[in-house]
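None of the figures in this text is laboratory data; all of them are computed from the coordinates on show. Predicted model only: the values in this text are computed from it and were never measured. Ideal geometry is used to build each Cβ from the backbone, glycine not excepted, and the neighbour counts take in all protein chains shown.
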Amino acid sequence: MQNRTTYIDRVRRLLNIIRLSQGGRPKIEELADICQVSERTIYRDINKLRELGIVISLHPETHRVSVSDPVYLPPVQFTLEEAFSMLTLCFEAAKEPVFPLLDAIGEATCKLFGALPRKITDQLMPLTGKVLMQKEPSHSHAGSTEAFLKVREACAKHRAVSIKYKSPKDPDSIFTRLHPYQIFFARHAWYVIGWAELFKEIRMFHIGRIEEIQVTDERFKNPKSFSLDRYLRNAWSLIPEPGPDSDVEIRFSPLVAQNVSEVRWHKTQQITKNELDGSIIFRVRVSGLNEISWWILGYGKEAEVLGPPELRNIMRKHIEELNRIY
């Protein structure tokens with residue numbers, strides 16, 4: 001896969017060629033000068049646009065380029081804001097390694113742009129790259145496209161897959177047959193959840209850690225009782241722990257109170273503000289205490305666990321381990 005920055009630059013160049021060629025009929029040399037690339041690169045870009053189905057013409061004598069009136073999405077009339085939102089999300093998805101289908105995202109961006117009228121593309125082009133989204137670090141998913149596509153196919157066709165999987169907790173890879181029920185993105189990576197034959201229960205697997213995968217002819221039915229929400233229960237993030245849920249209460253100091261209050265961290269959270277000193281009491285019900293303990297640690301001395309006692313003990317053990325290190 002090519003460098004992501006280079007890839008994004010090429011997508012922007014393709015969009016610019018489409019825009020300039022919609023009624024403008026620029027010469028190859030003019031496009032090369034505007035895009036600051038060689039004429040040979042422009043020829044390659046034109047061939048790429050043709051592969052994508054963009055109706056682009058090159059006059060053999062004048063070497064002028066033109067794009068026919070948009071033929072894609074004829075019933076759809078995008079406003080400037082709608083088109084800008086779509087293209088911004090496409091660019092951001094292509095920039096960050098959160099999706100294993102980078103080429104498809106770039107091609108979809110070109111097709112969408114080619115379907116827009118010139119008056120919209122003229123307004124859009126100066127805006128591209130001006131609005132950015134700062135996202136959390138994500139798994140690169142390098143080499144995961146095949147696994148992602150096969151898992152997606154198996155989910156859609158209700159077919160079991162055989163996988164070789166490398167868990168960070170096990171020294172050796174495991175082999176299991178999996179009935180994939182759901183694919184979802186969370187906590188920096190893509191996951192598949194389903195019934196695992198090896199464990200005789202529903203398990204979650206990180207798609208980026210699937211080393212080998214084969215779609216089988218075995219068919220399965222998703223249990224009517226299954227849903228992602230039901231599986232995760234009230235997990236703080238991804239790992240629901242056995243046993244009853246716990247009611248957690250944390251005091252955050254005035255220094256971080258506003259930052260904590262501005263985010264919807266969990267579906268059960270409730271926040272009470274102390275008007276006297278500006279601190280807050282953060283309450284949440286979770287299915288397991290270990291995941292939330294790591295989140296609390298990130299706030300250091302600005303967070304104090306008020307309950308339950310079990311979580312205070314977990315935090316105490318974390319602090320003791322840190323003391324031994326530092």
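Summary of computed values
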read-out: Rounded if a/c under 1.5, otherwise prolate or oblate - segment 172-225, Cα gyration tensor axes; value: oblate
read-out: Listed residue pairs exceeding 22 Å between alpha carbons, taken from Lys111/Lys150; Lys169/Lys221; Lys166/Lys200; value: Lys111/Lys150; Lys169/Lys221
read-out: For peptides 204-214, 295-305, 150-160, 268-278, sequence by mean Cβ density within 10 Å, most packed first; value: 204-214, 150-160, 295-305, 268-278
read-out: Part-to-part distance (alpha-carbon centres) for segment 286-326 and segment 221-246, which is given in Å; value: 23
read-out: All lysines inside 23 Å of Lys301 as judged from Cα atoms, apart from same-chain residues fewer than 8 positions distant; value: Lys273, Lys317
read-out: Taking all pairs of distinct alpha-carbon atoms in the chain, Kirkwood radius in angstrom; value: 24.0
read-out: Sequence ranges 319-325, 31-37, 282-288, ranked by mean other-Cβ count within 10 angstrom, highest first; value: 282-288, 31-37, 319-325
read-out: Segment 246-325 - Rg over Rh from alpha carbon coordinates, Kirkwood radius; value: 0.96
